[in-house]
Amino acid sequence: MLRNHLSWDITLREESRWQSPALPPAILTTRPRFPETGMPNEVALLLPNDHGASDLISKVLTMPSYLQARALGLFLADPFFNAGTEAARMRDTGIKWVANLPSVEQQDQEFVQLLGDVGLDRSMEIKQLGELAAAGFQVLAVVSGPEAVEAAARINPAAFFVIPKVTDFAAGFPSLRQRGAAAREVREAASNAGWKGALLGLAAESEVAHETLWPDVLDGVVCRPVPIAAFPADGERTQ
């Protein structure tokens, strides 16, 4: 059901060279299993969830075509995710874009290191994303800082999406200054790696329509995720 999914709508700068259809209109992810916890969706998505990547791909088959036009956000640091098998199923759904969302990069570095010790770190995530890119999908690479940028740049994503780390949400939604600083670090690392795609940052709904507020290094923003309420009537779109 659609209420079990989230939409992360993408808005580009008015003068951006990356205007649609160069990038998808939004990213579609599953919704956290326990939304009533009060945790931000950006954080709660990292909790264990019965609805994995394969389940989300299956659900897209039943969705309206305008939802299928969105990038599919999948947790890719998953040893049970088979990129080859899932790529074939994703082609059947009409999906053309994929993002590694949520990402292990959102965790603090100590926890990321622990994940690395068991092979479930950014290396697996980027490897899976790279296999999907090689299979013909356009990809959005999700990072929280410069650490994974060089490796991700090698698969030439159409865009980097900079999402704050879990710890950045400890005192509420991270400030524009904090988000801007992270975006500038990612832009610098990406430029050093020779990458020239679009850079996206997370924005509150109140900021989306006011691009003068956005950090100057961003080509666009991804609005904080909201639940998709219901199927629309024919020809009508809804959140």
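What follows draws every value from the coordinates through simple rules; no lab data is involved. Please read all numbers here as calculations on a predicted model, not as lab measurements. Cβ coordinates were reconstructed from backbone atoms using ideal geometry, including for glycine residues, and neighbour counts include every protein chain displayed.
Tabulated data
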read-out	value
Net charge of neighbours whose Cβ lies under 12 Å from the Cβ of A83, counting Lys and Arg as +1 and Asp and Glu as -1	-2
Environment charge at E211 (Cβ cut-off 12 Å; Lys +1, Arg +1, Asp -1, Glu -1)	-4
Charge sum, other residues only, whose C-beta stays under 14 Å from L199's C-beta, Lys/Arg counted +1 and Asp/Glu -1	+1
Spacing of the two label points (7 Å from each Cα toward its C-beta) at T85 and L61, in nm	1.4 nm
Residues whose placed amide H lies under 5 Å from that of A69, excluding near-sequence neighbours	none
³J(HN,Hα), Karplus 6.51/-1.76/1.60, whole Hz, each residue of segment 39-44, x for Gly, Pro	6, x, 4, 4, 8, 5
Debye, to nearest 20: dipole size of segment 72-229, +1 on Lys, Arg Cβ, -1 on Asp, Glu Cβ	380 debye
Reachable lysines from K59, criterion Cα separation under 29 angstrom, eight or more residues apart if same chain	K96, K127, K165
